[in-house]
Structures are given as structure tokens and as C-alpha cells.
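The values are calculated or read from the model by the stated rules, or taken from the named source; none is laboratory data. What you see is a predicted model, and the numbers here were worked out from it, not measured in a lab. So basically every Cβ, Gly included, is an ideal-geometry build from the backbone, and we count neighbours across all protein chains shown. Protein only, heavy atoms only, side chains kept; ligands, DNA and RNA dropped before computing areas. Shrake-Rupley method; radii C 1.70, N 1.55, O 1.52, S 1.80 Å.
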Amino acid sequence: MASLQIRLVCLAIVCLALGATIPKAQGAVTCGQVVNNLTPCISYVVYGGNMVPAQCCSGVKNLNSMARTTPDRQTVCNCIKNAVSNSGFTYTSFNLNLAAGLPRKCGVNIPYQISPNTDCSRVQ
């Protein structure tokens, strides 16, 4: 039963991110692209594991290469933040630490921490 609930929460996260209305301050990256690239990471963030799935790292790297401007990076940040904050799922520090560690584990350096507390307007 808990597994079904977690899957439903993950689906809700994806739906919320797809439906998020983020102002796109001249950015080209959309929340749909963020979701498409990060969906392979959901099982790792929920359950953990020894290694981040290769498809997840491919998505993280692809998203990083797409978000070259400040508005694009802010859009990505806002999409992630809204998905985390509005999911209705009570995240533990375990889940948040796994999510925050994804860029580093995938060999990507991003200018902000993945967290519901991140101020995306400060992302450069």
C-alpha cells in the first residue's frame, strides 16, 4: 500500500510540475522540459540506492546544458521548487538530501541548491 501511495505522490509531482504557471522571464526552458528530464530521477529520490540511474544523470546534464541564461536557470529552479513544495508529499531529509545531491553525483555544478527553501530569484 505504501508503494502505491509513493507512486501516486510521484505522479502528482509530475502533474504539478507540468501544470505550474511560472513566469518565463524571457527564458526558453519550460516546466515540461524540466519534468521530462528529471522523471528518471524520481525513483532514486524516493527510494535511494547505490547509484543514480544513468537516465537520470543524462536528464540532469541535458537540463543543465539547456539552462544557460539566468531566466532559464530561474525557471528550472522554480519548476523544481514548485514540484517539491506543492506535491502534498511530506519529504524527509533523506529525500531532500538525495535530490540536492543529484547534480554533484551526475558531475554537474549548478548555482543553487535543490530545496523547497531556495530563493530562485537569486539564481544567476
The relative contact order of region 44-124, taking Cα pairs under 8 Å that sit 6 or more residues apart, comes to a percentage of 44 percent
Heavy-atom accessible area per residue of region 62-124, all protein chains kept, 1.4 Å probe, expressed in Å², is 54 Å²
Taking a ≥ b ≥ c as the square roots of the Cα gyration tensor eigenvalues, with a/c under 1.5 meaning rounded and otherwise prolate when a/b beats b/c or oblate if not, region 55-108 comes out oblate
Rounded to a whole %, the carbon-and-sulfur portion of the accessible area of region 54-103 at a 1.4 Å probe is 51 percent
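Please state the shape class of region 83-124: rounded when a/c is under 1.5, otherwise prolate if a/b exceeds b/c and oblate if not, all from the C-alpha gyration tensor. Please report the intermediate quantities before stating the final value.
Numbers: a/c = 2.70, a/b = 1.22, b/c = 2.22.
Judged from the Cα gyration tensor, region 83-124 comes out oblate (a/c at least 1.5, b/c at or above a/b).
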Taking a ≥ b ≥ c as the square roots of the eigenvalues of the Cα gyration tensor, with a/c under 1.5 meaning rounded and otherwise prolate when a/b exceeds b/c and oblate if not, region 33-124 is oblate
Percent relative contact order for region 75-120, counting Cα pairs under 8 Å at least six residues apart, stands at 57 percent
Between Asn86 and Ser121, Cβ-based FRET efficiency (R0 22 Å, step 0.05) works out to 0.80
